[in-house]
1. Obtain the radius of gyration and the Kirkwood radius of segment B:1-91 from its C-alpha atoms and give Rg over Rh.
2. When only C-alpha pairs under 8 Å and at least 6 residues apart count, what is the relative contact order of chain A, in percent?
3. Which cross-chain or sequence-distant (5 or more) residues have an amide H under 5 Å from the amide H of A:Gly163, H modelled 1.01 Å from N in plane?
4. Out of residues 5 or more away from A:Val154 or on other chains, whose amide H comes under 5 Å of its own, with H placed 1.01 Å from N in the peptide plane?
5. So what's the angle, to the nearest 10 degrees on a 0 to 90 scale, between helix B:2-24 and the longest Cα principal axis of chain B?
6. Do any GluC sites (Glu not before Pro) in segment A:1-109 lie in a loop, going by DSSP, with at most 16 other beta-carbon atoms within 10 Å of their beta carbon, and if so which?
7. Given an 8 Å cut-off on Cα distances and at least 6 residues of separation, report the relative contact order of segment B:291-523 as a percent.
8. Using θ = phi - 60° and the Karplus relation 6.51 cos²θ - 1.76 cosθ + 1.60, list the HN-Hα couplings for segment A:34-46 in order, rounded to whole Hz, with x at every Gly or Pro.
Amino acid sequence: MPEIWRMILQLPFYLAFALLLAYLSQQPAYQHQDPGHALIKLSLSHAGEHKEECRRLTPEELAELAPNMRRPISCNRERLPLLVEIVLDDNLLYRAYLAPAGLSRDGESTVYKRFPVTAGTHTITARLRDSNRLEGFDYEHSEAISLSPQQNFVIGFNADTGGFIFL
Amino acid sequence: MRRALRSVFERIDRFFDIAFTPAWNPMQQLGALGWFFYWIVIVSGIYLYIFFDTGITQAYHSVEYLTHEQWYAGGIMRSLHRYASDALVVVVFLHLLREYVLDRFRGPRWFAWVSGMVLLWLLYASGISGYWVVWDKLAQYVAIATTEWFDSLGIFGKPIARNFLNHASLSGRFFTLLIFIHIAAPLMLLFGMWLHIQRHMHPQVNPPRGLAAGCLIMLVILSLWFPAMSQGPADLDTVPSIINLDWFYLFIYPLLDHYSGTLIWAVVAGGTVLLSLLPWLPAVRKREVAVVHLDNCNGCARCVADCPYSAISMVPRTDGLPFEQQAAVDPSLCLSCGICSGACPSASPFRRRTALIPGIELPAFPIQAVKDMILSKTQDLAGNNRVLIFNCEHGLDLAAAPMTNFAQITLPCVGMLPPSMIDFTLSRKYSDGIFIAGCREHDCNFRLGNEWVQQRLARQRDPYLRERVPAERFTQCWAGVSGFKQGLSELEVFQERLARLSPPARQSPESRLRDGKNAECANA
Ligand code: HEM
Ligand code: SF4
Ligand code: SF4
């Protein structure tokens, strides 16, 4: 077969390869999130209170310890889990007990969660309990916000600046 | 089943053969094309890096500059970088599929297979990190989805996705790490690619020039016609909703929106482990590996030159014979193809005084057995178009051919046939012609067997076929398992041709007896 014919025969192959590359490197477009939705991201790290308060050991207890370990005050390092709640327009969006990190459960509790919601005006309430109270919360923040489509709305937390931060 | 699958692949090959010729057939150059596309990616990547600004806020603009202001160079380089990376994925998966279907991944080939699995991971690390460094909306999506995916493993104390929480939390630190990964992963890929072919003698790492040129021209035209673009600057205060994904690299990401990250990890990790174990599920029933018979090895190193799997090396002489070196086989590398005995000068059937034991051979398929078969199988042939076919287990099989007056000897690979056997068969008039049938050109099951046979018969490669062997009395047919029809017609033509030649006198019964006796004494 003459060279030129061979090259012409090769064209469809190259064309198909090029089309495959051009198409699949872009298409089909993927809808990651409904364009009419906004995203609420909850992201916080906070250490709950210690599970038990420090206490003075009784002389009997002290006597049982090895001499070099005899310290009059015993502090259990274990922390309480956090209770976190997010309410969106009276609907409970999220509620969870967050266990503290670490083998001895003495670290911060952390959560990172995403909630796609329809754009528009919403009342968002965030609550957090970090103590051993049985009812109610130690921190709470509520705000009416207007979410635009595709907005990324972050709920953060910083105890030093007073608790929840809505960004 | 395998034969059927193989036959499907061969049919596709046949189709490409017409347009590309066997030498340029892209389906037989998939590994080499992989190397070629890799080099395009590297060269274009170096160019892009010269103009790339590694700051997270500047990165996007530097890429935009390359794409638009410098479209004639930087823009083309960017598109080449993207499309050659995509083409690499295409050829790598075809390559994987091909090696699997053709059952070329068990036995000592496990090394190429398992290292190939590692290459896949490095390839994806390179590609995915590449989409990240542009820092457009796609990059933002990939960055967040990837970090969230890693967070699902629970190995980081604090979720690393928090680096991309919103505009305020964005830090350049993570971005710099990413750029580092995007340079390190391709370099590791290169090292892995080098390792991948360590067990191959003469690995095919460069596609034929015409095919390479065709691919490069195709990529350049594609880059001009459909340049790679960014999808708007990343903005962490918004969430990209509709994204144009590169499905070659990012097909996993949509799954992450529907299944848990840990499940996807389990699937990709489990899939990798399972695929990596394939060479042993089940392992090949392997013929015994080649053995060296020192008495007959003169240290010429021809077997080393011809072994496709670098299984033989020359080592200092141990038996006191007056040669410097001797051949030694590494059993863990040997695929028992027998090509080495086809290369050994002492595999000559003309030797009378000593038994026919070559310097190297397969214990399960000794060269003496080949000679015995020549004698026994040709016994009942008569007339002037007697054909002896040497074929290969993995190639064309003509046993079921309807014509008469032929016999077939099946070897592990036709590369095992010493050219002197052809001379012997024809000069001793055991047949009127020799028909060599094997795998398709450039598709030898043992990589180089058919190439070596062609070169030996063309007197271009040691051991040469002797000049006295008449060219019209032997022929080669590289038709593969799917080429029965082609084989038949070529055999028919060959037999007709032989019938037209003036017939050589048949060998006398005495000489057959002599050759046979010789064989017996050798066996004893
Ligand atoms: C960057 C990716 C890769 C490149 C550039 C590449 C390249 C190559 C090359 C050049 C060869 C030698 C071919 C020859 O000369 O006969 C080869 C052989 C091989 N490759 Fe790959 N490869 C890649 C990925 C893979 C993957 C993902 C697998 C499968 C898991 C794989 C499995 C094999 C096997 C089994 C062989 C041995 C074939 C034989 O012994 O006949 N490769 N590869
Ligand atoms: S049988 Fe094949 S793989 Fe083994 S040593 Fe000989 S040529 Fe090499
Ligand atoms: S080809 Fe034969 S003689 Fe030469 S080194 Fe190999 S085994 Fe020895």
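Taken together, the values in this text are just the output of simple stated rules run on the coordinates, not laboratory data. Remember, it's a predicted structure, so these values are computed and weren't measured experimentally. Cβ: placed from backbone, ideal geometry, glycine included. Neighbour counts: every protein chain shown.
1. Expressed as Rg/Rh, it is 1.22.
2. Result for chain A is 26 percent.
3. Correct list: A:Asn158.
4. For A:Val154, the qualifying residues are A:Lys41, A:Leu167.
5. 80 degrees
6. Here the GluC sites (Glu not before Pro) that fit, given the DSSP loop and packing criteria, are A:Glu49, A:Glu52, A:Glu53, A:Glu78.
7. It comes to 20 percent, rounded to a whole number.
8. Listing the rounded values in order: 3, x, x, 9, 10, 10, 9, 10, 9, 9, 8, 9, 7 Hz.
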